[in-house]
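What follows is a single structure, written as structure tokens, with notes after it.
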Amino acid sequence: MRKLALSDEILLNIEKPARYIGGEVNSVMKDKDKVDVRFAMCFPDVYEIGMSHLGIQILYDMFNRREDTWCERVYSPWTDLDKVMRDQKIPLFALESQDPVKKFDFLGITIQFEMCYTNILQILELSHIPLHAAERTDADPVVIGGGPCSYNPEPLADFFDIFYIGEGETVYDELLDAYKEWKGSGKNRKEFLERAAEIEGLYVPQFYDAAYKEDGTLLSFTPNNAHAPARVKKQAVMEVTDSPYPMKPVVPFIKATQDRVVLEIQRGCIRGCRFCQAGMIYRPTRERNVETLKEYARAMLKNTGHEEISLSSLSSSDYSELKELVTFLIDEFKDKGINISLPSLRIDAFSLDVMSRVQDIRKSSLTFAPEAGSQRMRNVINKGLTEEDILEGAGQAFDGGWSKVKLYFMLGLPTETEVDMREIARLSDRVARRYYEIPKEQRNGKCQITASSSFFVPKPFTPFQWASMFSAEEYTRRASIVKEEFQAQLNRKSLKYNWHDAQTTVLEGVMARGDRRVGKVIEEAYRLGCLFDSWTECFHNELWMQAFENTGVDIDFYNLRQRGADELFPWDFIDIGVSRKFLYREWEKAIQGEVTPNCRMQCSGCGAASFGGGVCYEGKN
Amino acid sequence: MKARIKFRKYGVLRFIGHLDVMRFFQKLMRRADIPIAFTGGYSPHMIMSFASPLGIGLTSDGEYLDIELTAPVDSREAVRRMNEECVEGIEVLSIRQIPDEKKTTGMTILAAADYLISVKNGSLPENWKNEFADFMTQKEIRVIKQTKRSEREVDIRPLIYRWKIQGESIWLQLAAGSVDNLKPDLVMETFLSVCAIPKDSVSFAYHRLEMYADTGEAGKRNLVSLESLGQEISM
């Protein structure tokens, strides 16, 4: 029987002990003496969040297909266990073997959002691994980062040995093979990292030097080691249909946020919204074959016993075989008590018909993401959704019996005026008005329109990477203007408005476009006690502000400054295929309020065609 | 047709709570292709009911859930399929057909349960066996029973049906179910406090052994295991 790293006394006195015991259905056990490489794969948040992440399930499956490798999972201990582990000096362990992470060959950390950075330091410290890559020895695991935030890895540069830039399916095998070769060779850690730096897509931060100008901006960013390339090329798997996909994903005992089979139907997005980082870094758009997806759905439902299946992509409506796939799922599984969940669908006659077949209209709500209230603003961000589309879609939905609508907006976008802000409330009201056009006896009571706004954070590798942000006070002021406008609307009793916290927005801004000097703020904030910053109950803005003060790092330099056309960015050494020239052209068009057609309408020459596949070559064979 | 599943819960799965065990079995039914019936409506759910939830930290050799089948299954074959899809910590012991009447579900007819209690950490005083025997020979054992809404004093002695010292462990047969229900940890807590044994000097492992229905008449108890009320299905 498996022995646990934690005693009964500890497990019975913390929240949800099942987070730490492993042994779930489809988790992989191997004989540790019969593998060459032990890989601890970590999502630096609590188990229920981490277990919901598709990327880790893909890599877990891919690594464990190798006979010589055993990949196990690690998540952040919640604050109750964190304290116990520190008090009793219990090292952080992986779920499957319950062995200390410190004994592993690799610690891989996926970095999905900026507000998890202090959790990364927690993982390292609880594992008894030195926080700084420079202080690690041959006895420590190789710490490798990946995921969307590694497209600007610089704020975390000191803490990682390697960053993997791009999709994991391409060069991990090469890295693991190189590791095996190195392990028996008697060479030192630095020599292994030099070998890793030669693999396309891998970035070893300690082999690069950053120099700064007097005004604080980056002067140069150059390799200091002959093995490190000047530019690191993003990895993208071009044959998505043939790439590994987990037929037996791990099924948690406790309810995870995503408690369902997830079918990734495509990667990338043709739309080109200018605020969206995913839309740029995952170019070009690549679709999985629909027949393969049908087989996957059958096998995964059977192997997990899940009662729900969900499609995953940035914009499901753009998947060319959507109708075929959705019809199959309904015909095949609806009668077997399987729920079918269809996120990120454009609301039109087809999607409404499908939704009316898979959910209870009276209870479910429809979601639109206009992102901005005015048409001018939607043109700036290149969101190709018109007011007509929204009112038409909502109208059809109301006629079909729905009465709940959710609307998502962003505040603080470049060029935003007070009119644009107020339009958020007015557009929401026009949606409500459309509902009340239905004769009273035919409608289903009042409608509920819930509008939510988040504050816009400019991200690297988007046309808005040049944009300036605002202070927390200014964000709050903008939200209160919107709030006030909501109260002035005719249908205010049917409208609800929520907005996102402004303080974390400011921090996200610094982390998203920060350079190496931001690392010391993260470390100081962690030392002061910051952890689980994305959890409202754990977030302490005053500690973060203290950390900025203690380290002398200036928030305004990163957030309020308008970046110049020629400024060298900390992330410019990464080549994502999409050119900086294209992004700047898009930035200029944004200011003019000019839209750019999507990839299927017309190629805009972004540069992603250099990958030699996907939407760029559709119909060209 | 209705069927009753008996299973064991052991090892690290003692840290999985009752609701999660339910979720586990819902998914297990699908993985093992058990033809279980659903309720109607937009969000159909499996027709499944557990005899009695087992608390976090406890292990058991005799847990029960009743399900409704849309087609008969062969007992041996179904047990094999379910165990193939199980994980370490849960083992299906049997699946048996039970009568269709509503009042026969495990939850309704549950009357008693057996527990084995042993010292997990710390120790009991040397003469604990005598002290426990004295504790049990009392005519009544009055305790304050706390529920979510109220506190009331009850006599738990009549709810302890049988007891014995078994090696270094204590075996108890306790009232269970919706009428009277006694948890073994309440018995042990009361024993410690009556004998003035410090609470933090010892902790116990609780293991449920079996659950029973009462088929006796005229106030005479006749306990039979829930499993014995069902019949093997062979095809």
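The values are calculated or read from the model by the stated rules, or taken from the named source; none is laboratory data. As the structure is a prediction and not an experimental result, all values here were calculated from the model. Methodologically, a virtual Cβ is constructed for each residue, glycine included, from the backbone with ideal geometry; neighbour enumeration extends over all protein chains shown. Quick note on the areas: whole protein, heavy atoms, side chains included, nothing else; ligands and nucleic acids left out. Shrake-Rupley method; radii C 1.70, N 1.55, O 1.52, S 1.80 Å.
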Open item on the list: Anything in the range A:345-385 that is open to solvent by 50 Å² or more (accessible area, probe 1.4 Å) and more than 14 Å from chain B (Cβ to nearest Cβ)? List them, or say none.
Closed with: A:ARG346, A:ASP348, A:ALA349, A:PHE350, A:ASP353, A:THR367, A:GLN375, A:ARG376, A:GLY384
TODO: Keeping to the range A:1-24, report how many residues are under 16 Å from A:GLU72 (Cβ atoms), at the interface with chain B (Cβ under 9 Å from one of its Cβ atoms) and either part of a helix (DSSP H, G or I) or within 26 Å of the chain's Cα centre (by Cα) (or both).
DONE: 3
Task: Given (1) under 27 Å from A:GLN448 (Cα atoms); (2) crowded, with 21+ Cβ neighbours inside 10 Å, index of the condition A:LEU314 fails - done: (2)
Open item on the list: So B:ASN83 passes all but one of these: (1) at the interface with chain A (Cβ under 10 Å from one of its Cβ atoms); (2) free of Cβ contacts under 8 Å to residues at least 12 places away in the same chain; (3) in contact with an Asp or Glu (Cβ under 7 Å, 6 or more places away or on another chain). Which condition number does it fail?
Closed with: (1)
- [ ] Scan the range B:3-20 for residues that are open to solvent by less than 30 Å² (accessible area, probe 1.4 Å) and more than 8 Å from every other protein chain (Cβ to nearest Cβ) and jot them down.
- [x] B:ALA3, B:ARG4, B:ILE5, B:LYS6, B:PHE7, B:LYS9
Open item on the list: Looking at the structure I just gave you, is A:ASN64 modelled with pLDDT of 95 or more and away from every other protein chain (no Cβ under 12 Å)?
Closed with: yes
- [ ] Scan (1) within 12 Å of chain A (Cβ to nearest Cβ); (2) acidic (Asp, Glu); (3) open to solvent by less than 50 Å² (accessible area, probe 1.4 Å) for the single condition B:GLU63 breaks and write down its number.
- [x] (1)
Open item on the list: Where the second residue is of a type in the set (D, E, K, R) and open to solvent by less than 30 Å² (accessible area, probe 1.4 Å) and the first is in contact (Cβ under 8 Å) with a residue 40 or more places away in the chain and lies in the range A:320-333, which pairs have Cβ atoms under 8 Å and are six or more apart or on separate chains?
Closed with: A:LEU325/A:LYS294
Task: Residue in the range B:21-37 that is surrounded by the fewest Cβ atoms within 10 Å (Cβ to Cβ), counting only those that are in contact (Cβ under 8 Å) with a residue 24 or more places away in the chain and assigned to a helix (DSSP H, G or I) - done: B:MET22
- [ ] All but one of (1) modelled with pLDDT under 95; (2) within 14 Å of chain A (Cβ to nearest Cβ) hold for B:PRO35, so report the exception by its number.
- [x] (1)
Open item on the list: Checking A:ILE330 against (1) open to solvent by 30 Å² or more (accessible area, probe 1.4 Å); (2) away from chain B (no Cβ under 12 Å); (3) closer than 22 Å to B:HIS45 by Cα; (4) of a type in the set (A, V, I, L, M): exactly one of these is not met. Which one?
Closed with: (1)
TODO: Sort out which residues of the range A:65-116 are aromatic (Phe, Trp, Tyr) and in contact with a helix residue (DSSP H, G or I) (Cβ under 8 Å, 6 or more places away or on another chain), and write them in order of number.
DONE: A:TRP70, A:TYR75, A:TRP78, A:PHE93, A:PHE106, A:PHE113
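For every residue, the table says whether it meets (1) more than 30 Å from B:SER225 (Cβ to Cβ); (2) outside any helix (DSSP H, G or I).
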| site | (1), (2) |
| --- | --- |
| B:GLU153 | yes, yes |
| B:PRO158 | no, no |
| B:ILE165 | no, yes |
| B:TRP171 | no, yes |
| B:VAL179 | no, yes |
| B:LEU186 | no, no |
| B:PHE191 | no, no |
| B:ALA196 | yes, yes |
Task: Subset of the range A:58-77 that is of a type outside the set (Asp, Glu), over 16 Å from A:GLY145 (Cα atoms) and part of a helix (DSSP H, G or I) - its residue that is most open to solvent (accessible area, probe 1.4 Å) - done: A:ARG65
TODO: State whether one or more residues within the range B:197-216 are in contact with a helix residue (DSSP H, G or I) (Cβ under 7 Å, 6 or more places away or on another chain), open to solvent by less than 60 Å² (accessible area, probe 1.4 Å), hydroxyl-bearing (Ser, Thr, Tyr) and modelled with pLDDT of 95 or more.
DONE: yes
TODO: Would you be able to say whether some residue in the range A:580-587 is open to solvent by less than 20 Å² (accessible area, probe 1.4 Å), modelled with pLDDT of 95 or more and over 24 Å from the mean Cα position of the chain (by Cα)?
DONE: no
Task: Complete set of residues in the range A:25-37 that are within 11 Å of chain B (Cβ to nearest Cβ) and closer than 30 Å to A:ALA178 by Cα - done: A:ASN26, A:SER27, A:MET29
TODO: Kindly list, by first and then second residue, each pair from a residue in the range B:38-51 that is at positive phi to a residue that is in a loop (DSSP other than H, G, I, E, B), limited to pairs with Cβ atoms under 9 Å and residues at least 6 apart or on different chains.
DONE: B:GLY41/A:ASP360
Task: Hits in the range A:552-572 (condition: surrounded by 17 or more Cβ atoms within 10 Å (Cβ to Cβ) and part of a helix (DSSP H, G or I)) - done: A:ILE555, A:TYR558, A:ASN559
Open item on the list: Of all residues being under 21 Å from A:SER52 (Cβ atoms) and among the aromatic types (Phe, Trp, Tyr) in the range A:94-125, which is surrounded by the most Cβ atoms within 10 Å (Cβ to Cβ)? Just the residue, please.
Closed with: A:TYR117
Open item on the list: Which residue is most open to solvent (accessible area, probe 1.4 Å), if the candidates are limited to the range A:430-453 and must be within 29 Å of A:ALA467 (Cβ to Cβ) and in a helix (DSSP H, G or I)?
Closed with: A:ARG430
Task: strands (runs of 3 or more DSSP E) contained entirely in the range A:126-237, each with at least 3 residues that are surrounded by 14 or more Cβ atoms within 10 Å (Cβ to Cβ) and hydroxyl-bearing (Ser, Thr, Tyr) - done: none
- [ ] May I ask you to say which residue of A:LEU407, A:LEU427, A:LEU411 is in contact with a His (Cβ under 9 Å, 6 or more places away or on another chain) and touching a residue at least 12 places away in the same chain (Cβ under 8 Å)?
- [x] A:LEU411
TODO: Among what's in the range B:91-128 and is touching an Asp or Glu at 6+ places or on another chain (Cβ under 9 Å) and basic (Lys, Arg), pick the residue that is surrounded by the most Cβ atoms within 10 Å (Cβ to Cβ).
DONE: B:ARG96
TODO: Check off (1) open to solvent by 10 Å² or more (accessible area, probe 1.4 Å); (2) closer than 22 Å to A:CYS273 by Cβ for A:LEU427 and give me the number that stays unchecked.
DONE: (1)
Task: Candidate set from the range B:38-49 (those that are more than 10 Å from every other protein chain (Cβ to nearest Cβ) and within 23 Å of the chain's Cα centre (by Cα)); member that is most open to solvent (accessible area, probe 1.4 Å) - done: B:ILE47
Open item on the list: For the list (1) charged (D, E, K, R); (2) touching an Asp or Glu at 6+ places or on another chain (Cβ under 9 Å); (3) part of a strand (DSSP E or B), I need the number of the one condition that B:GLU63 fails.
Closed with: (2)
Open item on the list: Among the numbered criteria (1) without any contact (Cβ under 8 Å) to a residue 60 or more places away in the chain; (2) out of contact with any Ser or Thr (no Cβ under 9 Å at 6 or more places or on another chain); (3) within 14 Å of another protein chain (Cβ to nearest Cβ), which one does B:GLY55 miss?
Closed with: (1)
